[in-house]
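Undergrad: Handing you a structure now.
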Amino acid sequence: MKAAIISLGSVSSKWTFEAMKRYFEQVDDIDLRNVEVDLGAKSPLVLYEGKPLPKYDCIYLKGSFRYLQILGSIAAVLENKIFMPITPHAFTVGHDKLLTHLALQQHKIPMPETYISANPAAAKQLLEKLSYPIVMKFPSGTQGKGVMFAESYNSAASMLDALSALNQPVIIQKFIETGGRDIRVIVVGDEVAAAMERKAVEGERRANIHAGGKGVPVKLDFKTKELAIKTAQVLGSRICAVDILKGKKGPMVIEVNLSPGLQGITEATKTDVADMIAKYLYEGAKKFKGESAHIEAGLIKAAGLSPSAKTIVTNVQTNRNRIVLPEIITEASGLSKDDEILISAEKNCIVVTKSKAVKK
């Protein structure tokens with residue numbers, strides 16, 4: 001099988017690329033910055049360095065929130081055609097903390113008491129109703145960037161005054177005292193691949209490794225494991241990091257990262273997370289390919305076609321309420337412009353055959 005990783009070329013991406021080479025027959029390392037989506041063609045095309053992206057059995061898409069539009073677009077074009085561990089919807093939701101918190105709330109995922117405001121000026125109206133300290137975040141940002149702590153109303157108001165020029169939505173959360181500790185869980189498929197407890201350095205409240213936090217392996221209880229896996233499923237991402245706080249009322253999710261760094265957790269847990277990701281991608285691609293072949297065989301049999309018939313699984317394309325067939329199917333049929341055809345249709349089925357009638 002053939003696979004590709006499309007990323008920004010981080011150390012974690014390089015590790016995953018090398019691990020994928022142990023499972024797939026061919027693996028390509030593709031720079032996300034050289035990928036584009038062509039919407040001007042008859043059907044959307046993913047281009048790499050100006051040329052159509054080669055056919056793969058599996059693609060692992062990853063990148064920062066700054067690239068969420070292109071990541072989501074690529075995923076949308078390739079959805080249901082190849083195996084991908086992250087859905088198009090996940091890129092939109094998972095790279096926006098505001099949408100992430102909304103999705104978690106809708107699925108009753110426990111998290112700290114959270115408020116969302118349209119901009120810093122509007123957020124000031126909430127400050128008098130809150131108990132302190134509080135945490136303030138911008139919708140975008142990773143590695144603990146864009147996260148601020150306020151000990152009192154005055155300090156929170158001063159921060160919002162300084163941020164008012166940015167005019168961005170603001171997320172305000174109740175601060176949960178955990179001694180500067182949190183838990184990072186890497187979810188791969190329906191399993192926890194690795195977990196570590198992170199402790200912030202002295203004078204710092206963010207436990208992120210990039211903010212100087214130190215990680216040590218941690219054994220998760222069933223409830224915390226279940227919470228991490230359910231969070232990944234809710235967002236539609238089968239590979240991600242889930243950050244969890246252990247509060248008095250139990251574990252709570254504070255953040256999800258679709259493109260987590262692997263260095264810190266690999267070093268802390270001595271677990272080859274990149275290899276676990278690569279193995280999951282291979283098994284997922286193999287299963288997807290088998291299911292696609294089964295569906296194709298079923299469609300051929302149901303239509304009474306020969307085993308050599310060309311069958312694909314794709315979304316319906318329409319133009320002015322008329323169904324447009326994919327070019328590959330048009331070519332495979334051998335039908336030409338002047339051919340007479342018989343068309344029969346019933347619910348969920350259309351059959352097109354060349355007429356055997358003799359022209360007079």
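Undergrad: Can you tell me which aspartates and glutamates have their Cα less than 12 Å from the Cα of Lys2? Leave out same-chain residues fewer than eight positions away.
TA: Excluding near neighbours in sequence, the set is Glu25, Asp28, Asp29, Asp57.
Undergrad: Once you place label points 7 Å from the Cα toward the Cβ at Asp31 and Lys214, how far apart are they in nm?
TA: Label-label distance for Asp31 and Lys214, simple model: 3.9 nm.
Undergrad: How high is the FRET efficiency from Glu151 to Val11, r the C-beta distance, R0 35 Å, rounded to 0.05? Can you show the working numbers first?
TA: Working: r = 36 Å, r/R0 = 1.03.
After rounding to 0.05, the efficiency reads 0.45.
Undergrad: Okay, next question. Once the Cα atoms of region 113-175 are picked out, what are the Rg and Dmax in Å?
TA: 10.4, 29
Undergrad: With each pseudo-label sitting 7 Å past Cα toward Cβ, what's the Ser336-Glu283 distance in nm, one decimal?
TA: If labels sit at Ser336 and Glu283, their model points lie 5.3 nm apart.
Undergrad: Ok, one more. At R0 = 35 Å, how high is the FRET efficiency between Lys248 and Asp272 if r is their beta carbon distance? Nearest 0.05 is fine. It would help to have the intermediate numbers written out before the result.
TA: Values: r = 35 Å, r/R0 = 1.01.
Using R0 = 35 Å, I get an efficiency of 0.50.
Undergrad: Continuing with the same structure: Quote the FRET efficiency, to the nearest 0.05, computed for Gln125 versus Arg181 with a Förster distance R0 of 22 Å and r equal to the Cβ-Cβ distance. Mind dumping the intermediate values first?
TA: Working: r = 32 Å, r/R0 = 1.47.
Efficiency at R0 = 22 Å is approximately 0.10.
Undergrad: Using a 10 Å cut-off around each Cβ, can you sort Ile59, Ile323, Ile171 from fewest to most neighbouring Cβ atoms?
TA: Neighbour counts put them in this order, fewest first: Ile323, Ile171, Ile59.
Undergrad: Ranking Thr353, Thr114 by Cβ neighbours within 10 Å, fewest first, what do you get?
TA: On the way: Thr353 11, Thr114 18.
Ordered from fewest to most neighbouring Cβ atoms within 10 Å, Thr353, Thr114 come out as Thr353, Thr114.
Undergrad: Regarding region 2-94, what whole-number volume in Å³ per residue does the convex hull of its Cα atoms give?
TA: Numbers: hull volume 8.8 nm³, N = 93.
Cα convex hull per residue, to the nearest whole number: 95 Å³.
Undergrad: On to the next question. Fully extended, how many nm does the chain gain between Arg322 and Ser158 (0.36 nm per residue separation, minus their Cα-Cα distance)? Walk me through the numbers before you get to the answer.
TA: Details: separation 164, 0.36 × 164 = 59.04 nm, distance 5.84 nm.
Extending this stretch completely gives an extra 53.2 nm.
Undergrad: Let me ask something additional. Within 10 Å of each residue's Cβ, count the other Cβ atoms and sort Thr269, Thr231 from fewest upward. Please list the in-between numbers first.
TA: Details: Thr269 18, Thr231 26.
Ordered by Cβ neighbours within 10 Å, fewest first: Thr269, Thr231.
Read-outs: derived from the displayed coordinates by stated rules, not from any lab. If you're wondering where the values come from, they're calculated on a predicted model, not measured in any experiment. For neighbour counting, all protein chains shown are included, and Cβ atoms are generated from backbone atoms with ideal geometry for every residue, glycine included.
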